[in-house]
Every structure is written in structure tokens, then in C-alpha cells.
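*Asks:* Attaching a single structure in C-alpha cells format; questions to follow.
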Amino acid sequence: MRSPAIFPRDRFANLLGEAAATGSFSARRTARPDDLRLEVSGVGPIALPVPARQAKELCLIGRPAQFGQGEQTLLDARVRDTWEIPKSRIKIDKRQWNGTLRPVLDRLRADLSLPEGCELTAEFHSMLVYAPGQFFAPHQDSEKADTMVGTMVVTLPSASTGGVLVVEHAGQTATYRSSKESLSFVAFYADCRHHVRPVTSGYRVVLTYNLLLKGDTVAAAAGRADPDRAAELAGCLNDHFGDSDEPTRLVYLLDHEYTQRALSWARLKGDDASRAALIRAAAHEADCEVALALAEVHETWSTEDAEPWGYGGRRARYWDDDQEDEDEDDGSGEDGYELQELIESTTSLDCWLDESGEATQTSLTVFDDEVCATTPTADLSPHDSSYEGYMGNYGNTMDRWYRRAAIVVWPRRWSYAIRAQASPGWALNRLADLLQVGDVAGARDAATTLGSFWSVAAGVNGQHLLGRTLTVARGLDEPGIAAMLLAPFQIEMLGHTHAASLAQLAAHYGQSWTRDTVESWFGRDRPAHMSWQAQRASWLESLPAICEALREGRGAGVMVGGLLSAAAWTPLRDSAAELSRFPTPSHRHTALGELGPAVAGLLASTAILAARELRDEVVAFLCADNDDRLVCAMSALRAAHKNRRDMHREAGLDIVSRHCAARLATRLSQPARSADDWSIELPQGCHCELCQTLDAFLADKARRSFEWPLAEQRRRHVHSRIDQAELAVHHQTRRSGRPYTLVLTKTEALFAREREARRRDQTDLAWLGQTFNMR
Ligand SMILES: O=C(O)CCC(=O)C(=O)O
Ligand SMILES: [Fe+2]
């Protein structure tokens, strides 16, 4: 369905597809059994073909085989049902067996498209016996060694049927039956999913081996790379990159899957190796650099139900299939959905090996128009998928995630920018190196190329980058570049360890530059702003420590501290004002109480910096004549008291505490509610005619209940007013007559709550007296 080589990158992928024959992900060779002398203690020398009598004895000494899943080893007969013979009981005459094994392994190497000059060796893993009905469900083998590239299954001849070994890769399937007379050697790469269908009669006996690779596949393939082909590929690279100024890449997705452990130029599998060799030759010719990377591809497809069995049906049907050779792939997805149209695809790279094999930790999303592949991603098996029901324009959709490997190519002239994008930490280290050797001009040029993506880098991983960026920004000695590098960070990433370099930076570039930078750290459109309750609040609690460290940096440090505190105060104050508008008292008080520690942090900072004006502003805010502010002020006092006893006065806590004490005392001096006073105050909010009636009932000292015939809409309004204000009023609808009657009853909670509130005020007042030396 790919449109015919319109884009140079697609031509590139097509050329690579033609250059290597595909399909050699598994292979089989056979040999006469003469060389295999196998003895199992407790059973004796095994005859070949294996007689049923001996196979049964093997089952008796076997144990149920386990299988690996992630880091775990599991036992589950629904996944793997076979006998494993303990290794310690098995004796093979190696000298003789090697006579068969060596030449077979060399043929398998060639069958699997591994170049001459590499060698496959086999490491015995286990002996398995499948009795009738036993099987192994689809799975991938785990790599048991760094150099393991695949598995070899040696099936001993026996009179069995069924037990077909099925190996899948990139949408292709190979099936292998046992032989009645010969030894069968099936080899496949470690990323191939494979399974063993149930044995239908007799016994299937196999030896499994880990296939290890010696040598460097790409280096060995390089010798055979066709120079004309490489030149054509180089032409595609030149066309792809053109003379654009924007750093871009070409990302070619390979066919095999690799784990991070197994990723290595030297151990690329099958056609990947010869393609990699060609790409490297082409890259050299086009003056490009290359890297090998792991890619995660996320695709979103529109789907239609694939009839007739629908979701999951295919799996349930699986083992009843008696037509064993039937093609496994019926065109529907593994979940019974037919993929229709690719809506979106995202490719991100992690783990990056340069041409010499040196690794860099990477996290980089590349653009669709940089990516190409010979084998479309949809032909591979996803490691995860999820089905979404109807999605507006797209109908039903299916999300799939795949792990692929990729070769990344880019022109040498963008060497720094491309590597920097892949690893911003590396980019900073490189700038620091240039500055260290005095190449300021080189460092500035390099830093300028970061502009297009730096905000993404600093947004994602900023906390690990800020420290180095502060140092580098100073060394660059250029206010524009320094501002560009620093602007994308968020204030919450700033800690006291950054203070020294921040103070130096401020001294160097001056107050107005520093103000702009600080303001950009507080940018309003940052996600941190949305959840600042948590993130910003804890940053504000750490602000005194930051200011203390800044103060060490003398004038400039104090200047930065002042800018930070002032910039922090405005959103904090706005947020308190916003929370005061919550209509429900308990929510409002909780939220305002939670602001206390942040406000205390800010006050302590003003004390450290001797920022009197700001301190007075915050103090005045806390001392407002209103009960909500009192909640915030008391919480701030409790938080502040815990930390900085010595700074009560400088932080204005003496004024705040006196204010709170006076307000509490006034409240307590009001006479307690008398036992016959049932009046309740309805908070301001709505003046509709219903609320006026409600207010009249509530305000009445004597009336306790009110039967109010009201239609549904109107009842709902009254219910919600009472709930929102958390009034001590029981409200229920009596469902008889027309309209129904809303029954309102004032409850005893009215008195209990007031008693509780007075007790709290008394406690608070006493605490203030003790803590702040007041009478
Ligand atoms: O029995 C076989 O042919 C395959 C066994 C297998 O897949 C394994 O041991 O991982
Ligand atoms: Fe396996």
C-alpha cells in the first residue's frame, strides 16, 4: 500500500529491501542421527528414533517445564505443558556430536543471513519431552547471555504426530514438523515469537540450545556491501537532507527486535546486518554520521470488527485447529479487529549507540517525515495494544505499541545539534568542554543551534539540566543566548544547590536580565502552574533555604532572592483569593489552611533577605479583617513557628500573631448561643425568591422545621443551597401530594458545631499566648 517511492526516504527503504533477501529469520537443517550418543541417568542410552517406551520413562523422571516472563520464571500448564529432564541427568558424547553440530551450525549461520566471518556456537539448554496433548503457547525466548542471538531446537527422530514448531517474524510464519528418521535442527532469532502445537500421538523429544554469536556481523557484511547500491543510497540521503538549515534525521527502522542488553552493531541479526553495513557505507559517502537506537513506535489505527468470532474468539479457537498447515495469519488483528487506516504514528528513540558503540541515554521523539522502513510496523507484533470504542470522526480505534531498532543518519554538519537533541545533558557537557578550553565562540555557535528544541528538553528533564545550564550560561558571556537557554525551566526545578551559580549569573548579566529570566520561570502556561498547590507549595517551603544560600552570594544573590520572592508572592496571593471564593466552608478552610506553610516560607524568605516591603505586604494580607484569612494566618504561624524561632520578629510573625489573638478573643467574647436560639445565617450568594423564603425560615430563632410544597426544579435549588453551605439543616422530600413537600428541619449539630468552634478558638488562643509570649 506504500505509495511508490515518492520521498527519498521511501526510496532509501525500498533499495535496502531489494538489497537483502528477506525471510531468513528461521531455518532448518537435518542430519542422520549417527553422531548423537545420548545417555540419561535412570533411563540409559537413548535409542534413535526414540521408542515410546523410553519416552514414557523420560516423562517419569521429568519435571513440568517453567517459562520466563519478564524477570520471573513461572509454571502454568495453560502456557507451557511439557516435561523437562534435569540437565544433571543428561550425558552427551560431545566429541562425536560436534562432528555433526559444527557443519550444521555453519549452514544455519548462512541460512540466517549471517555473514561469513561470524560464527554461531550452540550452548546446551535443556531436554524436553512432549507427551500427547502437550504444547508450548506462543512466546519469545529470553536472552540468557549478551551474545545470545537465537535458539536452536534439535528434534530427535520419533514416531510422533502433531507437535509442529511454528516460528513467526514480521508477519511471516514458518512451520517445522518432526522427522521420523532424521535429526532436525531448527534455528531462529531470539526476537521471533514461536510456539509448539499439541502433540497428537506419540512423543516429541527435543534438545534446546542457546545460539551464541562470535564476531561482528556488520563489519563482516561490510566487505560484501555493493558499492553501487551504497552510492544510490547516498544519493537518497543527499535528496532527503537537501540544503535545509533545520537539523533533521533519517530514521530507518530495522526488522528485528533488540533488547537494550542485546543492542550492538556487532550483533545485528540477519538482514539487519547487511543493511546496516550498506547504510554505513552510504553515510560515509554522503558525509553523514550514524547511530543505532531502540525505537518505540506507537500507532493509532481505525478499525472494523473482523467477523465472525469477534473479540478474543480466535485465541479460544486456537488449539482446536486440526488443519495444522493453515496459514496462521487471517488478516485480522490478534484481537479480532481489522485495521483500516493509520491515523497517527509516533516514533521515539531511547538508548543510542554511536558508530563506535558508545552509548548515550536518549529520549527523543522524531517526526514522521524522518522515518522509513522496509517492513511496515503494522506487519510486526505489537508488545501492547489497546482498543478504544467509537472515537468521533475516526470510528473505533486501536492503539498499538511496538519495539523496533533503528539506524539514525544525519549530515555531519549537524553533528552537535542532532546529538544534543538526543541527549541534552551531553550537549551541556560539550559546551562546558568548549568553554573550558577557551573556545567561547565555538560554544556560542553550538549553543545557538539548541534553540529550536531546547524548551522541550528543559521542560521534560529540567531538574537534571538546570545546574549545568546556569554555569554554561555564565560562561557563554552573551545575554541573548544565556536567556534562551534558561527561559524554558520551571521555578520548581530551582533548589538551594543552584544558588551560587545563579547569584554569579545575576551579577554578570544584571538586574533587568535576571528579572526577565525569573519571570519566565514562573510562566503561567506551565503545567506546574496548574498543580501548583502541591509543587509550588513545596517549592515555597524550600525558598528560605534557597534565599539563605543566595545571601552568601552578597548583593547579587540578595537581588535574585528578592526577585524570586516577589515573583512568587503574586500568584500565591491570587491563589488565596481564588480559594476564598469556594462556596463550601469545609473545602475553603482546608484549602486555605494548606496554603499556610507556603506563606510561612515566603515570610521567612523576606526575613532572610531583609525584604521589608514584601514582608509588610504579606503581613497585611494575613491580617485582613476576615475569618477565612484567619484560617490561613493560623496555619502559616504554626508552620513558621516550627522552623525559624529566631526570626519571628523579622518575619512579621509577632504582628500576625497579635492580630490572630485579637480576632480570636473577639470571637470568644460573643455570648454563646442560648439553648432556644435556632437561628442560622444563610451565606450570601443568591437573592432569588426561594432563597429569601429559606433565609426567613433559617433566621427565625424559634422555628425549627418548615414544610414547603415545591416543584422539583425549585426543590433542587434549595437542596443545593443547603448542601453547599453545609448548614445544620436536614432536608428531605416527602413524596406525596402534588407538588411534593420539602421538609426542612434544623438539627442539633447547630449547637455542637458552635461548641466545637469555640473550643478550637480557645485552644488556638492559648497556643498563641504560649508561643508568641502574649498575655
Ligand atoms: O520444543 C520446542 O520446539 C521449543 C521449545 C521452546 O520454545 C523453548 O524451550 O523455549
Ligand atoms: Fe522458546
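*Asks:* Could you tell me whether segment 13-85 comes out rounded, prolate or oblate from its Cα gyration tensor? Rule is a ≥ b ≥ c as square roots of the eigenvalues, rounded for a/c under 1.5, then prolate if a/b exceeds b/c, otherwise oblate. Please report the intermediate quantities before stating the final value.
*Replies:* Details: a/c = 3.78, a/b = 1.52, b/c = 2.48.
Note, shape of segment 13-85 comes out oblate.
*Asks:* Determine ³J(HN,Hα), in whole Hz, for all residues of segment 76-90 in sequence, where each value follows from phi through the Karplus function 6.51 cos²θ - 1.76 cosθ + 1.60 and θ = phi - 60°; x replaces Gly and Pro.
*Replies:* Along segment 76-90, the couplings run 7, 5, 7, 9, 9, 10, 7, 9, 10, 8, x, 4, 4, 8, 9 Hz.
*Asks:* Rounded if a/c is under 1.5, else prolate if a/b beats b/c, else oblate: with a ≥ b ≥ c from the C-alpha gyration tensor eigenvalues square-rooted, which is segment 676-775? Numbers along the way, then the final one.
*Replies:* Working: a/c = 3.21, a/b = 2.66, b/c = 1.21.
Because a/c hits 1.5 or more and a/b exceeds b/c, segment 676-775 counts as prolate.
*Asks:* Need the C-alpha centroid separation for segment 691-731 versus segment 161-239, integer Å.
*Replies:* Rounded to whole Å, the Cα centres lie 78 Å apart.
*Asks:* Relative contact order for the chain: what is it in percent, counting Cα pairs under 8 Å that are at least 6 residues apart?
*Replies:* Details: 1371 pairs, mean separation 62.0, N = 775.
Relative contact order here is 8 percent.
*Asks:* Right, here's the next one. Where does the charge balance sit around Phe135 when Lys and Arg score +1, Asp and Glu -1, over other residues with C-beta under 9 Å from its C-beta?
*Replies:* Details: positive: Arg80, Arg197; negative: Asp81.
In short, +1.
*Asks:* Along each of the three principal axes of the Cα atoms of segment 490-669, give the extent in whole Å, ordering the values from largest to smallest.
*Replies:* Result for segment 490-669: principal-axis Cα extents of 58, 35, 24 Å.
*Asks:* OK, next. So what is the diffusion coefficient of segment 423-480 in µm² per second by Stokes-Einstein at 10 °C and 1.306 mPa s, using a Kirkwood Rh over Cα pairs?
*Replies:* Values: Rh = 11.4 Å.
Reported coefficient: 140 µm²/s.
*Asks:* Which whole-number value in Å³ per residue fits the convex hull of the alpha carbons of the chain? Kindly include the intermediate steps, with their values, before the conclusion.
*Replies:* Values: hull volume 206.7 nm³, N = 775.
That works out to 267 Å³ per residue.
*Asks:* While we're here: Against the longest alpha carbon principal axis of the chain, how many degrees, from 0 to 90 and to the nearest 10, is the axis of helix 749-771 turned?
*Replies:* 90
*Asks:* Indicate the gyration tensor shape class of segment 455-512 (rounded, prolate or oblate), computed on the Cα atoms with a ≥ b ≥ c the square roots of the eigenvalues: a/c under 1.5 is rounded; otherwise a/b larger than b/c is prolate and the rest oblate. Write out the running numbers ahead of the final one.
*Replies:* Numbers: a/c = 1.88, a/b = 1.31, b/c = 1.43.
In terms of gyration-tensor shape, oblate.
*Asks:* While we're looking at this one, here's another question. What lysines does Lys701 reach when the alpha-carbon gap must be under 28 Å and sequence neighbours fewer than 8 apart in one chain are set aside?
*Replies:* Answer for Lys701, where 28 Å is the Cα cut-off: Lys746, listed by chain and number.
*Asks:* What net charge do the residues around Ala295 carry, taking every other residue with its C-beta under 9 Å from that of Ala295, with Lys and Arg at +1 and Asp and Glu at -1?
*Replies:* Values: positive: Arg403, Arg404; negative: Glu296, Asp350.
Residues near Ala295 contribute 0 overall.
*Asks:* Rounded to whole Å, give me the distance from the Cα center of segment 610-651 to that of segment 119-160.
*Replies:* When both Cα centres are located, 72 Å separates them.
*Asks:* Once you've got the Cα coordinates, tell me which of Lys56/Lys269; Lys91/Lys144; Lys94/Lys144; Lys91/Lys214 are over 30 Å apart.
*Replies:* Working: Lys56/Lys269 38 Å; Lys91/Lys144 22 Å; Lys94/Lys144 22 Å; Lys91/Lys214 26 Å.
With Cα atoms farther than 30 Å apart: Lys56/Lys269.
*Asks:* With 25 Å as the cut-off, how large is the P(r) tail for segment 442-590, expressed as percent of Cα-Cα pairs?
*Replies:* Working: 3323 of 11026 pairs.
Taking all Cα-Cα pairs of segment 442-590, the fraction more than 25 Å apart is 30 percent.
*Asks:* If neighbour count is taken as other Cβ atoms inside 10 Å, put Arg107, Arg755 in order from fewest to most.
*Replies:* Working: Arg107 16, Arg755 11.
Fewest to most other Cβ atoms nearby, the residues stand as Arg755, Arg107.
*Asks:* Let me ask something else about it. What angle do you read, to the nearest 10 degrees and between 0 and 90, between the alpha-carbon axis of helix 52-61 and the longest principal axis of the chain?
*Replies:* Taking the Cα atoms of the chain, the angle to 52-61 is about 30 degrees.
No value in this document is a laboratory result; all are computed from the given coordinates. Predicted model only: the values in this text are computed from it and were never measured. Ideal geometry is used to build each Cβ from the backbone, glycine not excepted, and the neighbour counts take in all protein chains shown.
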